[in-house]
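Have a look at the structure below, then the notes.
All of the numbers you see were taken from the coordinates with simple rules; none came from a lab. Bear in mind that the values here come from a model prediction, so they are computed numbers and not experimental data. Note that we place each Cβ from the backbone using ideal geometry, even for glycine, and neighbour counts take in every protein chain shown.
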Amino acid sequence: MLGSGSSGNSALVATDHCRILVDGGLSARQLLLRLSECGVAPGQLDGVLLTHEHTDHICGLEVLCRKFDVPIYCNRLTAEALRCNGLLDQHRNWRIFATGSEFSIVDITVQTFPVPHDAVDPIGFAFHAGSGGLGFITDLGYATKMIIERLRQVQTLVIETNHDEKLLQNDTHRPWPVKQRIQSRHGHLSNAAAATVIEELSFGTIRCVVLGHLSRDCNTPELALTAARAAIAKSGRVDLEVHVATQSKISPCFRISETKSEPFQPTFENTFFQTASTL
Ligand SMILES: [Zn+2]
Ligand SMILES: [Zn+2]
C-alpha cells in the first residue's frame with residue numbers, strides 16, 4: 001500500500017514481470033517518491049487501474065500521466081467522468097473495459113466486479129497470478145453476495161475499514177447529510193461491517209487482511225484492528241494476519257504467493273480494450 005486513508009489512496013500490485021498501480025490518489029510527487037521506495041520507476045508501470053473517479057483515488061494521475069505515458073485501465077463511465085471534469089483530457093493511453101469483465105495485464109489476471117458506492121461505476125478487483133490471489137475492495141457501502149463470492153479464492157484481502165460507527169455519530173464537524181452519506185448503502189464500510197466480511201471469508205483460503213481507507217477523524221488503527229481481530233477470533237483462525245495501512249507512509253510489502261520468475265510470454269490482447277479514439 002503506497003498510502004491509504006480518507007485523503008488519498010494508491011497501491012502497487014506486482015509480480016516479477018508486471019507492476020500495476022491501483023488508483024493514484026496521492027500527489028504525483030508522493031506517488032513517485034513512494035514508488036521509488038518500492039524500487040519501481042514510473043516508466044516501469046504496466047498500467048494504472050482505477051476503482052472509481054473520486055479525488056482521493058485519482059488526484060496524482062494528471063501530472064503522473066502527463067510525464068509518463070502510463071496506460072489507464074478503467075470502465076467507460078469512470079473515464080467519461082474524469083474527462084467531463086477536464087481531467088486527463090490530454091491523455092491518450094486508455095484501456096477501457098466493461099465492469100464485470102476479466103482480463104490480463106502481463107501475468108496478472110484482473111477480475112472486476114461492481115461495488116455499491118456513490119460514484120458513476122465503482123468497482124473492486126480480484127487479482128490472480130501463479131497460485132496467488134488478492135482481493136481489493138475499498139469505497140463500498142456494503143459487501144454484496146457477489147463480492148463475497150469473488151473474494152473466496154484470494155489469500156490476501158485489502159478491505160476498507162472507514163469509520164467507527166460511534167465516532168462518526170459523535171463527530172461534530174460533519175453535517176448530518178454527510179454522515180448519512182457515509183453510513184448509507186452507497187457510502188463506506190464501517191469497522192463492524194468490514195469485520196463481518198472478514199469473518200465470513202475467514203473460513204476459506206484467506207491468510208492476510210490489510211485494513212485501509214481509515215477516516216482520519218472517525219477511526220483509529222486500534223479500533224479497526226480490534227474489530228477485525230474480534231471477527232477472526234470467532235472463526236478460530238489464529239494464523240490469520242491483520243495489518244493496517246496508513247496515509248502517511250508505505251506499508252510493508254505483503255507477499256501473496258510465488259509466481260514463476262522465468263521469462264513470461266505475454267499473450268496481451270490489445271483488441272480487448274477500447275482506446276481513447278472510441279471513447
Ligand atoms: Zn475513497
Ligand atoms: Zn469514493
(request) Please turn the phi angles of region 178-187 into ³J(HN,Hα) values with the Karplus equation 6.51 cos²θ - 1.76 cosθ + 1.60 (θ = phi - 60°), one per residue in order, whole Hz, x for glycine and proline. (result) 5, 4, 4, 4, 4, 7, 6, 5, 10, x
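Sort 28-34, 247-253 by packing, meaning the average of other beta carbons within 10 Å per residue, with the highest value first. Could the numbers behind the result be given before it?
Numbers: 28-34: 18.0, 247-253: 13.6.
Top to bottom by mean Cβ count within 10 Å: 28-34, 247-253.
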(request) List every residue whose amide H lies under 5 Å from the amide H of Asn75, counting only residues 5 or more places away in sequence or on a different chain, with H placed 1.01 Å from N in the peptide plane. (result) Phe97
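Calculate how large, on average over all directions, the projected area of the Cα convex hull of region 1-106 is; give the answer in nm² to one decimal.
Details: hull surface 24.9 nm².
With every direction weighted equally, the projected area is 6.2 nm².
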(message) Taking 25 Å as R0, compute the FRET efficiency from the Cβ-Cβ separation of Thr109 and Asp239 and round it to 0.05.
(response) 0.45
(message) Could you identify which residue out of Arg66, Arg19, Arg229 has the top mean-square fluctuation in a GNM of the chain using Cα springs shorter than 10 Å?
(response) Arg66
(request) Would you list which lysines come within 24 Å of Lys166, measuring only between C-alpha atoms, while excluding same-chain residues fewer than 8 positions from it? (result) Lys179, Lys234
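Antiparallel DSSP bridges in region 1-83: what percent, to the nearest 5? Please list the in-between numbers first.
Values: 5 of 10 bridges.
That works out to approximately 50 percent antiparallel.
Using 0.36 nm times the number of residues separating Glu102 and Gln44, minus their current alpha carbon distance, what extension gain do you get? Could the numbers behind the result be given before it?
On the way: separation 58, 0.36 × 58 = 20.88 nm, distance 2.28 nm.
Gain on extension, Glu102 to Gln44, equals 18.6 nm.
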(message) Quick check: residue separation of Arg216 and Leu77 times 0.36 nm, minus the Cα distance between them. What number comes out in nm?
(response) 47.1 nm
(message) What's the whole-number percent of alpha carbon pairs in the chain lying beyond 25 angstrom?
(response) 43 percent
(request) Rounding to the nearest 20 debye, state how big the charge dipole of the chain is about its Cα centre with +1 on each Lys and Arg Cβ and -1 on each Asp and Glu Cβ. (result) 240 debye
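Within a 10 angstrom radius of the beta carbon, how do Asp121, Asp164 rank from fewest other beta carbons to most? Don't skip to the end; give the middle numbers.
On the way: Asp121 20, Asp164 23.
So the residues, fewest neighbours to most, are Asp121, Asp164.
Quick check on the chain: of the DSSP beta bridges with both residues there, what percent are antiparallel, nearest 5%?
Values: 21 of 44 bridges.
Once the DSSP bridges in the chain are tallied, antiparallel ones form about 50 percent.
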(request) Name the most mobile residue of Asn162, Asn219, Asn75, meaning the one with the largest mean-square fluctuation, in a Gaussian network model of the chain with Cα contacts below 10 Å. (result) Asn219
